[in-house]
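Below is one structure, written out as structure tokens; comments come after it.
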Amino acid sequence: MFFAIVMVLIVVGSAAFHFLSPWWFTPLASNWGYIDDTTVLTFAITGVVFSAVVLFVAYCLWRFRHREGQKAHYEPENKRLEGWLTALTAVGVIAMLTPGLFVWATFVDVPDEASSVEVIGQQWLWSYRLPGADGTLGAADNRLVGFDNTLGISPEDPAGQDDLVIEGGELLLPIDRPVRFLLRSVDVLHDFYVPEFRAKMDMIPGSVTYFWVTPTKTGTYEILCAELCGTGHSYMRGTVTVVTQEEYDEWLAGQMTFADLST
Amino acid sequence: MVDIPHEASESAPPAEIEEMELPHAHGWWSTYVFSQDAKVIAVQYAATALAIGAVALVLSWLIRMQLGFPGVFTFIDAERYYQFITMHGMIMVVYLLTALFLGGFGNYLIPLMVGARDMVFPYANMLSYWIYLLAVIVLVASFFVPGGPTGAGWTLYPPQAILSNTPGQQGGIVLMLVSLILFIAGFTMGGLNYTVTVLQARTRGMTLMRMPLTVWGIFVATIMALLAFPALFVAAVMMLFDKLLGTSFFMPTLVEFGEQMSYGGGSPILFQHLFWFFGHPEVYIVALPAFGIVSDLISTHARRNIFGYRMMVWAIVIIGALSFIVWAHHMYVSGMNPYFGFFFATTTLIIAVPTAIKVYNWVLTLWRGDIHFTPPMLFALAFIVTFVNGGLSGLFLGNVVVDVPLSDTMFVVAHFHMVMGVAPILVIFGAIYHWYPKVTGRMLDDTMAKFHFWVTFLGAYLIFFPMHYIGLMGAPRRYFESSDIMFMPESAIGLNAFISIMAFIVGFAQIVFVFNLLWSWKHGKDAGSNPWRATSLEWQTPQTPPGHGNWGKELPVVYRWAYDYSVPGAAEDFIPQNQPATVTHEAPA
Amino acid sequence: MSAILVFLAVLALAAGWWLARQGLMVKPWLHADAAGAIAHAPRQPAAQIGLGVFLAVVGSLFALLISAYVLRAEMGDWQAVALPAIVWPNTLCLLIASLALEWARVGITQDDLARARTSVLVASAAALAFLAGQLFAWRLLAAGGYFVNSNPAVSFFYLMTAAHGLHVIGGMFALARTFERIWNGDKTQRIRLSVELAATYWLFMLFVWVILLLVLSGWAGEFLSICGQILSGSGIG
Ligand code: HEM
Ligand SMILES: [Cu+2]
Ligand SMILES: [Cu+2]
């Protein structure tokens, strides 16, 4: 009896917490509203299932609690019922998975017009490289990393000479323009995560990983490292600021190229 | 297909299982210490697992002290914090849950439930425990070596795990890997026993489909563990090579503080594949025994046959098989080929279906039952709540795009604690309350049990339910310091403090449980041989606690499945499995 | 991870085939009966089933090592290294050990203890020769400047042959025990079991060794790519 009431309270309390508490996604600042939508859809379906199951248990506990002379009903199985429940579950799962896969298909498919920004992680600092006037990033390799070339950019590759290098500073992005983040690491695994963009990806020494977003709201957002990278992991922060195109161009003009830096 | 004929006859011939020679104990040492009796080994396993689990519990307090009250406890620095979470996670998953379910419950229950005298290879079984103990000692030793235990996270991802900015890279990581290798070797010896005992030593009449679901759960989990642990073994050995011999299996070219390391060409992702090829099945290695046990607890204490027994068995087998092809859902944002996401999201969500069926069948067993609110039943019911909650949040993380913002956040931490921390632990408690009378001949104290239950259940829910929302906001996991994240509202600090306080309360409630275990050993109410009026064989032993060899002169003969509760027309509301079919009943088809 | 998945798929098929014959579709609640009808007399000794399960575990270990090898070899900087030639005579030793034990297996079914004894001795000698040969192979590699950390292909060679070698050493203990049983004139049934277990184990070691050689020498890779070409050529792939 008591337990049945507790179960009802758990459902009511959890729902109340969900709807009334101030804790929720940070305000969205990218095109990945789809991810939020899929999440909300998942919350809705799973919330209904959770409440239904727990409330049903509560009902059973109350209705079929042991009393003098009561005997349980003998029924080994009910194929029909189990079949229906299976089918219903399958429908729920498909309802969540299908939109999820469609959104994933757009997530992995970078639009052609996206501009590239290279993000380099090292313990415990973010650096960036933007393609220069030629629009392409020069080659880079961890083997070239040294005190005078902390990002391992190839001095031989002409395409790399005009690349803009931002070490440990702030990154700016123009609003409403898709960006492809190319992620590299100099030492261990890191993960480039901007909660307001809803996207993240690990960075692996020795390979280049990627994801893309279109920032949709100006403002300054914190970059967090989301993959354990040693003692300084939780201090590995940076900021990315989304600005208008004019402000962006102005900022871009003030950055140093690789060639500037190496002379 | 083997079909079983209907005709009932009064007398069955005695069992024709080959009698095994039991290595009988001579003296105190071989009875209680170097015992080859599975029941003693079970208690040894359980006691060791609970002891090391207590260490992990204390570590969780230390973690929560830092997260709830950042900056207050200055002896916890980042380095220690990472050591705490690593050891906490590894101990809980491997050294507590796996060891307790398989080594503890497996050893105690399999021979008794299938009507065997003992495990088939008692010597290897004994060895299994001692190697496990050695593994635990090596693990604990890592707290005392220079540099302390490893702080690489329980996933031990290279390259970070063996580099110098990770705590414990001097000796801690080596001891951790060695300990895991020992654990796996020890487990394999035990696992061979559990598997072959189920295959070979079932008593006469104990067909597979008459086995209690507990045995099914442990059996399938053991097979999974036998096949999945080698992946961890291989990964650990390769990482030891990288660390000690300078190979580069997992180590790419990298630079540490401006200095080129001599490594090159290795693949960190390869480690992740190996780790999760073990790691995901591991989740079910812990979950399947819990599924099995909880089915039996619910059925016994609701006095009703488990609903849909066949579906339950099939689901266990299917879940066991499928869980080998979902591992990369832990790697959606690891930088592996993103197109794998489609496949692994689909397989992952497919597993939800057989899992859901299990939940429905537990719930439908309650429906029209005769529910007794005994301590084991309370824990079983609490399991349903937490497991459903944790299973549903798994649908977020399995659905690849939803996982993108959530992975590596506190949402994940909340999810896996609910589903493979709290839920299985609740089953373990329920199971201990249920079988303690068989192990000791005495009941655990009811009042203490209820206190323990309510604090643990409600406390754990209050710890982990709100934690999802901290992760939803974007707080990453394994963060020594998250209160200073720009977007974190002031109120989140209060929430973290609340969670921490609940964690201390839940932790302290366990003292009551331990006290109950010790106190009732001598002072508990006398239990008799079958206090829950249960049908399965372990309750039908001639002695309680059962003696060495379990069954006296003759093995029991099994006439029916394990769930003949409240059979219409029967005198009692349960019919033991070894009771001949004098009452015939026509069950609805 | 293809190697381990293939391996597990084979196991799953075997398990499925076995389960299908265990009456998983019966409704157990309908059959309260005299258990006598359900003869459950295991035909094989537990030790044999135990060995089978153990070999599945060992198989999964090696399948995982091979999976790791394949994943690593697919990366751009992979440089294959020629196997030291001595592995071929070594293979012969392992083959002799295995054949000798098969011979013992046949002998023991005819209660020919003398033959079993000789065969076990021959097998032990061949196994020792194999191990010595393997050590020599390592020496050869090291002399050629290939240490365990020189090159990924070499690292894998050391790792995989070490793993196999340790299992072979384990098998030596089994041989010693079998020999002891024969020598002490233990019960024939026990000797028979012992010989059969040893023979199975060593056959498996030979099998694993051959697969390892195929993988390490690159032949397996070539073979698969040829298969792939044939399949894609015929439009199936
Ligand atoms: C009262 C009980 C427990 C509390 C309060 C607790 C608390 C925590 C917290 C706060 C973390 C995450 C810290 C972080 O990411 O910064 C953590 C990590 C973890 N916990 Fe627990 N935990 C408890 C019980 C368990 C149990 C029963 C399990 C068994 C599955 C478990 C397994 C883990 C694992 C695997 C990790 C991840 C470690 C890592 O990130 O490397 N915990 N625990
Ligand atoms: Cu980090
Ligand atoms: Cu998983």
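The values are calculated or read from the model by the stated rules, or taken from the named source; none is laboratory data. Small disclaimer: the values here were computed from a predicted structure and weren't measured. Neighbour counts are summed over all protein chains in view; Cβ atoms, including those assigned to glycine, are modelled from backbone coordinates with ideal geometry.
Remarks
- Flag if B:LEU245 is free of Cβ contacts under 8 Å to residues at least 12 places away in the same chain and among the hydrophobic types (A, V, I, L, M, F, W, C): yes
- Of all the numbered requirements in (1) charged (D, E, K, R); (2) more than 9 Å from chain A (Cβ to nearest Cβ); (3) surrounded by fewer than 24 Cβ atoms within 10 Å (Cβ to Cβ), B:GLU256 misses one, and that requirement is (2).
Yes/no matrix, rows are residues, columns are (1) surrounded by fewer than 24 Cβ atoms within 10 Å (Cβ to Cβ); (2) farther than 21 Å from B:LYS243 by Cβ:
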{"position": "B:ILE131", "(1), (2)": "yes, yes"}
{"position": "B:LEU134", "(1), (2)": "yes, no"}
{"position": "B:PHE144", "(1), (2)": "yes, no"}
{"position": "B:GLY151", "(1), (2)": "no, no"}
{"position": "B:THR155", "(1), (2)": "yes, no"}
{"position": "B:GLN169", "(1), (2)": "yes, no"}
{"position": "B:GLY190", "(1), (2)": "no, yes"}
{"position": "B:GLN200", "(1), (2)": "yes, yes"}
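- Of the residues making up the stretch B:471-513, those that are within 16 Å of ligand 3 (Cβ to nearest atom) and at the interface with chain A (Cβ under 7 Å from one of its Cβ atoms) number 0.
- If the condition is being out of contact with any strand residue (DSSP E or B) (no Cβ under 6 Å at 6 or more places or on another chain) and within 13 Å of ligand 1 (Cβ to nearest atom), then the stretch A:217-230 contributes only A:LEU228.
- B:ALA460 falls short on exactly one of the conditions (1) within 15 Å of ligand 1 (Cβ to nearest atom); (2) touching a Leu at 6+ places or on another chain (Cβ under 7 Å), and that condition is (2).
- Pair list, Cβ < 7 Å and 6+ apart or interchain, from the stretch A:165-191 residues that are within 16 Å of ligand 1 (Cβ to nearest atom) to residues that are hydroxyl-bearing (Ser, Thr, Tyr): A:LEU189/B:TYR157
- Test: residue in the stretch B:78-89 that is near ligand 1 (Cβ under 10 Å from one of its atoms) and closer than 30 Å to B:TYR123 by Cα: no
- Going through (1) more than 16 Å from ligand 2 (Cβ to nearest atom); (2) within 14 Å of chain A (Cβ to nearest Cβ); (3) at pLDDT 95 or above one by one, B:VAL413 falls short only on (1).
- Filter result (in a helix (DSSP H, G or I) and surrounded by 24 or more Cβ atoms within 10 Å (Cβ to Cβ)) within the stretch B:202-212: B:ARG210
- Within the stretch C:81-102, one or more residues are within 30 Å of B:GLN272 (Cβ to Cβ), in contact with a Ser or Thr (Cβ under 6 Å, 6 or more places away or on another chain) and not small (Gly, Ala, Ser).
- Within the stretch B:425-448, considering residues that are away from chain A (no Cβ under 14 Å) and under 22 Å from B:PHE504 (Cβ atoms), the one farthest from ligand 2 (Cβ to nearest atom): B:MET448
- When restricted to residues that are touching a Phe, Trp or Tyr at 6+ places or on another chain (Cβ under 9 Å) and either outside any helix (DSSP H, G or I) or assigned by TED's automatic domain parsing to the domain that holds B:MET113 (or both), the stretch B:409-449 contains 5.
- Any hit, the stretch B:27-35, residues being within 30 Å of B:ALA228 (Cβ to Cβ) and either assigned to a loop (DSSP other than H, G, I, E, B) or touching a residue at least 24 places away in the same chain (Cβ under 8 Å) (or both): yes
- In the stretch B:63-86, the residues that are in contact with a Ser or Thr (Cβ under 8 Å, 6 or more places away or on another chain) and under 23 Å from B:SER491 (Cα atoms): B:ARG64, B:MET65, B:LEU67, B:GLY68, B:PHE69, B:PRO70
- Residue among B:GLY341, B:GLY335, B:GLY369 that is modelled with pLDDT under 95, within 16 Å of ligand 3 (Cβ to nearest atom), among the small types (Gly, Ala, Ser) and surrounded by 21 or more Cβ atoms within 10 Å (Cβ to Cβ): B:GLY341
- Candidates in the stretch A:124-151 are the residues that are among the charged types (D, E, K, R) and away from chain B (no Cβ under 14 Å); of these, the one that is nearest to ligand 1 (Cβ to nearest atom) is A:ARG129.
- Count of residues meeting criterion [under 27 Å from B:VAL404 (Cβ atoms) and either in contact with a Gly (Cβ under 7 Å, 6 or more places away or on another chain) or in contact (Cβ under 8 Å) with a residue 12 or more places away in the chain (or both)] in the stretch A:1-45: 21
- Selection within the stretch A:12-28 - at the interface with chain B (Cβ under 9 Å from one of its Cβ atoms) and either touching a Phe, Trp or Tyr at 6+ places or on another chain (Cβ under 8 Å) or surrounded by 14 or more Cβ atoms within 10 Å (Cβ to Cβ) (or both): A:GLY13, A:SER14, A:PHE17, A:HIS18, A:SER21, A:TRP23, A:TRP24, A:PHE25, A:THR26
- Only one of the listed residues (B:MET261, B:MET238) is surrounded by fewer than 24 Cβ atoms within 10 Å (Cβ to Cβ), among the hydrophobic types (A, V, I, L, M, F, W, C) and either within 16 Å of ligand 2 (Cβ to nearest atom) or farther than 22 Å from B:MET420 by Cα (or both). That residue is B:MET261.
Residue-by-condition table, conditions (1) assigned to a helix (DSSP H, G or I); (2) away from ligand 3 (no atom under 16 Å from the Cβ); (3) on the phi > 0 side of the Ramachandran plot:
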| residue | (1), (2), (3) |
| --- | --- |
| B:ILE285 | yes, no, no |
| B:ILE293 | yes, yes, no |
| B:ARG303 | no, yes, yes |
| B:PHE307 | no, yes, no |
| B:MET311 | yes, yes, no |
| B:THR346 | yes, no, no |
| B:ALA356 | yes, yes, no |
| B:TYR360 | yes, yes, no |
| B:THR386 | yes, yes, no |
